[in-house]
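A short worksheet on the structure shown next.
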Amino acid sequence: MRYIVLPVGWLALAALATGTMAAQERPAELTGCYDIAVGAWYVAKEAEPDWPDWTKGRPLPDQSGDSAVYELPPRIEFAGPFRGFGGLGDRVAWRTQIVVPEGALPSAHSLMYGEDVGDSLRLVFSTGYVGVRATLGRSGGRWAGIGSTFEDLLPHEVYARPVELIPVSCDSPPPVSIDAMLPITRSVELEGGLAITLGEPLPEALETTPARRNIVRVTGRTTGLFAGAGSVEVVVGERGVTHIWLYYADPGVHSSLESRLRDAYGVPEHMGGQTAAFLNRITSLSLARLRNGEAQVDLWDSRW
């Protein structure tokens, strides 16, 4: 089954804008909860022969280190209409937002939506740059079809797999619990009991000064897992805090920080020779070695 969906890069992120529409403008509304079952990956389209070698012969998504960006959440819920770009000029389409119910395994995707297109259901799960899109048809009381990967990069191999949506009660236990995911902290604690938390607004009691663009510098000393930071910078977006940067100026502090993080999360992945990372579907935590054993910790919500 072939279909065309325009690239989901910055347009997809813009589609997160919501609005209110009149009742007569509402499309047939998608509702309820579904479990997603998938089949094995296969290569649906080879990389173009004229493009660089790095676009060819990569492992299938479920065998690669960044597989979460190609994996669909096992439980989803259609959470009502939102306004998104239709893809051409100023044309706008109304679509149904997809969310992951509380307690279910989260998705790595910042944008998830469904769209009723005639007799088909179109789904998009996007990080803003990569993800999976699918077109499904009715199959009894279910939806079934094919999902395929996309990337807003040079031509690349496209992988595909069968996808099936199975209607379930929203009150039933999810097939995969959030407990299956490595529980990386999303907060940095400060003296005085305050905390900076990804996905939440900055506490009003915090003292901050502008640094650059949408970045602010926070006054206060860190405690707990991230104790000893000499400087704290935070990126705040529409969805709250998206990035926290911690800078440590003491010589030799990198070793003690790495020991703390290993004790909390086990053996890290390595992103280059001087950076160790701890990752799950929604949170990324990295530790970089700077000159003289100084260190920088980056904590961010990888969906935004």
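The values are calculated or read from the model by the stated rules, or taken from the named source; none is laboratory data. Source: prediction; values computed, not measured. For neighbour counting, all protein chains shown are included, and Cβ atoms are generated from backbone atoms with ideal geometry for every residue, glycine included.
Being touching a Leu at 6+ places or on another chain (Cβ under 9 Å), at negative phi and in contact (Cβ under 8 Å) with a residue 12 or more places away in the chain is true for just one of Val176, Val158. Which residue is that?
Residue meeting the stated conditions: Val176.
Condition check ((1) surrounded by 15 or more Cβ atoms within 10 Å (Cβ to Cβ); (2) without any contact (Cβ under 8 Å) to a residue 24 or more places away in the chain) across all residues:
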{"residue": "Arg217", "(1), (2)": "yes, yes"}
{"residue": "Gly220", "(1), (2)": "yes, no"}
{"residue": "Phe226", "(1), (2)": "yes, no"}
{"residue": "Val234", "(1), (2)": "yes, no"}
{"residue": "Gly237", "(1), (2)": "no, no"}
{"residue": "Ile244", "(1), (2)": "yes, no"}
{"residue": "Ser255", "(1), (2)": "no, no"}
With respect to Leu182, is the statement that it is out of contact with any Pro (no Cβ under 6 Å at 6 or more places or on another chain), surrounded by fewer than 17 Cβ atoms within 10 Å (Cβ to Cβ), at pLDDT below 95 and over 22 Å from Ile36 (Cα atoms) true? no
Exactly one condition in (1) at pLDDT 95 or above; (2) surrounded by fewer than 18 Cβ atoms within 10 Å (Cβ to Cβ); (3) not aliphatic (A, V, I, L, M) is false for Gly145; which is it? (2)
Output the residues belonging to the stretch 38-55 that are of a type outside the set (A, V, I, L, M, F, W, C), assigned to a loop (DSSP other than H, G, I, E, B) and within 26 Å of Leu279 (Cα to Cα). Gly39
Examine the stretch 39-48 for a residue that is at pLDDT below 50, in contact with a strand residue (DSSP E or B) (Cβ under 7 Å, 6 or more places away or on another chain) and surrounded by 12 or more Cβ atoms within 10 Å (Cβ to Cβ), and state whether such a residue exists. no
I'd like to check something: does the stretch 158-166 contain any residue that is surrounded by 13 or more Cβ atoms within 10 Å (Cβ to Cβ), among the hydroxyl-bearing types (Ser, Thr, Tyr) and under 30 Å from Asp116 (Cβ atoms)? yes
Can you name every residue in the stretch 62-76 that is surrounded by fewer than 19 Cβ atoms within 10 Å (Cβ to Cβ) and not in a loop (DSSP other than H, G, I, E, B)? Asp62, Gln63, Ser67
Which one of these is of a type in the set (A, V, I, L, M, F, W, C) and under 24 Å from Phe82 (Cβ atoms): Val163, Val158? Val163
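A quick yes/no check of all residues on (1) over 22 Å from Arg281 (Cα atoms); (2) touching an Asp or Glu at 6+ places or on another chain (Cβ under 8 Å); (3) of a type in the set (Lys, Arg):
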residue	(1), (2), (3)
Met181	no, no, no
Arg186	no, yes, yes
Leu190	yes, no, no
Ala205	yes, no, no
Gly220	yes, yes, no
Ala229	yes, no, no
Val232	yes, no, no
The conditions are (1) free of Cβ contacts under 8 Å to residues at least 24 places away in the same chain; (2) closer than 18 Å to Val297 by Cβ; (3) among the β-branched types (Val, Ile, Thr), and Thr209 fails exactly one of them. Which is it? (2)
Within the stretch 185-194, considering residues that are assigned to a loop (DSSP other than H, G, I, E, B) and of a type in the set (D, E, K, R), the one modelled with the lowest pLDDT: Glu191
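Residue by residue, here is whether (1) in contact with a Phe, Trp or Tyr (Cβ under 6 Å, 6 or more places away or on another chain); (2) in contact (Cβ under 8 Å) with a residue 40 or more places away in the chain; (3) farther than 20 Å from Val43 by Cα; (4) polar (S, T, N, Q) holds:
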residue	(1), (2), (3), (4)
Pro101	no, yes, yes, no
Ala104	no, yes, yes, no
His109	yes, yes, yes, no
Gly118	no, no, yes, no
Ser126	no, yes, no, yes
Ala134	no, no, no, no
Gly140	no, no, yes, no
Glu164	no, yes, no, no
Could you tell me which of the residues Gly199, Gly193 is in contact with a Gly (Cβ under 9 Å, 6 or more places away or on another chain), farther than 17 Å from Ala295 by Cβ and surrounded by fewer than 18 Cβ atoms within 10 Å (Cβ to Cβ)? Gly199
